[in-house]
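Nothing in this text is a laboratory measurement; each read-out follows from the coordinates by a stated rule. As the structure is a computational prediction, the values presented were derived from the model and not from experiment. Backbone-built Cβ (ideal geometry, glycine too); neighbour counts: all protein chains shown.
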Amino acid sequence: MFIEPNINNERRGWIEVICGSMFSGKTEELIRRLKRARIANLSVEIFKPSMDIRFHEKNIVSHDENAIPSIPVGHSTEILPLAKSVDVVGIDEAQFFDNQLPETCDQLASGGTRVIVAGLDMDFSANPFGQMPNLLAKADYITKLHAICVRCGNIANYSYRKSGDDAQLLLGEKDLYEPRCRNCYFKGETLL
């Protein structure tokens, strides 16, 4: 990613969005970028929705078990006072946040903060998920990651739900979801 040199020595903010299906490495990439920001001696704050306690109550944890401490918040507006004068803000599981998240990210970026957001771009029904479409529209940089289809080995872009539950929000991991390519997702066949 090319970043313009800052000749006026003023802080410039922007929004980066990391998206993709489940098991595509979104959280792993978010953690990698945040660790690199810390290596550069930038101040970093990390947030996740308080409802997501699948791996840990406070830490953001990837499927590869890499972890980084975060602050669980119930509403995206709680981020603003906690991120004052921070160089970089990381936000994981953005699809679970409320509809104020895009505005919160805008305010942070306009104030000179680099905002890195990770989340599912589609739900299990292959529909846009939560505020991710709005974040993608506002993003200065977008990274779309792909998993590997468990059925055929092709690139997977879909999160296939193995249970019959039709609620949009159903927290789970490999017990409930698997990555699938377009063809295998729309065939809808279960693994034998």
Task: Size of segment 14-147 as Cα extents on the principal axes (Å, biggest first) - done: 39, 30, 26
Task: Fewest-first ranking of LEU82, LEU101, using other Cβ atoms within 10 Å as the exposure measure - done: LEU82, LEU101
- [ ] Provide CYS152, CYS184, CYS105 in ascending order of the number of other Cβ atoms located within 10 Å of each residue's Cβ, fewest first.
- [x] CYS152, CYS184, CYS105
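Run the dipole for segment 14-147 about the Cα centre, Lys and Arg Cβ at +1, Asp and Glu Cβ at -1, nothing else charged, and hand back the magnitude in debye, nearest 20.
Working: 13 positive and 18 negative charges, 79 e Å.
The dipole magnitude comes to about 380 debye.
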TODO: Mind scanning LYS26/LYS187; LYS138/LYS162; LYS35/LYS162; LYS48/LYS187; LYS26/LYS138 and naming the pairs with a C-alpha gap bigger than 29 Å?
DONE: LYS138/LYS162; LYS35/LYS162; LYS48/LYS187
